[in-house]
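Remarks on the structure that follows.
The values are calculated or read from the model by the stated rules, or taken from the named source; none is laboratory data. Keep in mind that this is a model prediction, so the values were computed, not measured. Glycine gets a Cβ as well: all are built from the backbone with ideal geometry, and neighbour counts include every protein chain shown. Side chains are part of the model used for accessible areas, which takes the heavy atoms of the whole protein and leaves out ligands, DNA and RNA. Shrake-Rupley method; radii C 1.70, N 1.55, O 1.52, S 1.80 Å.
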Amino acid sequence: MSLSAIFANTGLSETERRIILMTNNRLNGCKYCMAAHTTLSQMAGVNGDVIDALRRNTPIADAKLEALRQFAITNNESRDWPSQKQLNALMTAGHMRQSVLEVILGTALKVLSDHTNHAAHTALDDAFEANHQDVVQPVAAEKRVGRQRAYNPNCLPTNPATYAPTADRSGRCC
């Protein structure tokens, strides 16, 4: 079973899955996937106001859906290190603890997909061209590019929110 099929079989609604996917597409700066998932969301009957909010990075009117969008942002930006306050906000909005794992799954799916599209310089399909414009790109994705470091399997970050460089097991800075 593919990762996409596993994600499709979660307890989330179609709209909730699209919120997770499109939020990550935008944060990861994948213009191809934003256009593709906008089209697929439209075809799946996701409310146009929800799609517009995801593309423009504005709040979704429905409080439960907005809490999911905010948690997907938190999950992406913190690299799966949400605070207890952020977890509580998701639960208070009506989501179950299982939703945390479903957001992680959707984020993992988009890391694979979005990063592959970046590396492959995937050309936009004609079917998605109408939805290629007017996407608010995140500042965070642009800032992260400048922070990238070579992978060091011995690195022990002390601040998971920022992944600040620390000394590895050998005493060298990552």
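Only residues that are assigned to a helix (DSSP H, G or I) and closer than 18 Å to R17 by Cβ: list them for segment 89-105, please.
We begin by selecting, within segment 89-105, every residue assigned to a helix (DSSP H, G or I); these are 89-92, 98-105.
Selection gives L90, Q98, S99, V100, L101, E102, V103, I104, L105.
To keep it simple, each residue is scored yes or no on (1) modelled with pLDDT of 90 or more; (2) in contact with a helix residue (DSSP H, G or I) (Cβ under 8 Å, 6 or more places away or on another chain).
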| residue | (1), (2) |
| --- | --- |
| S13 | yes, no |
| T39 | yes, yes |
| N75 | no, yes |
| D80 | no, yes |
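Just to verify a result, which residue in segment 115-142, among those that are at pLDDT 80 or above and of a type in the set (S, T, N, Q), is most open to solvent (accessible area, probe 1.4 Å)?
The extreme case among them is T116.
Can you tell me which residues in segment 89-103 are open to solvent by 60 Å² or more (accessible area, probe 1.4 Å) and without any contact (Cβ under 8 Å) to a residue 60 or more places away in the chain?
T92, R97, L101
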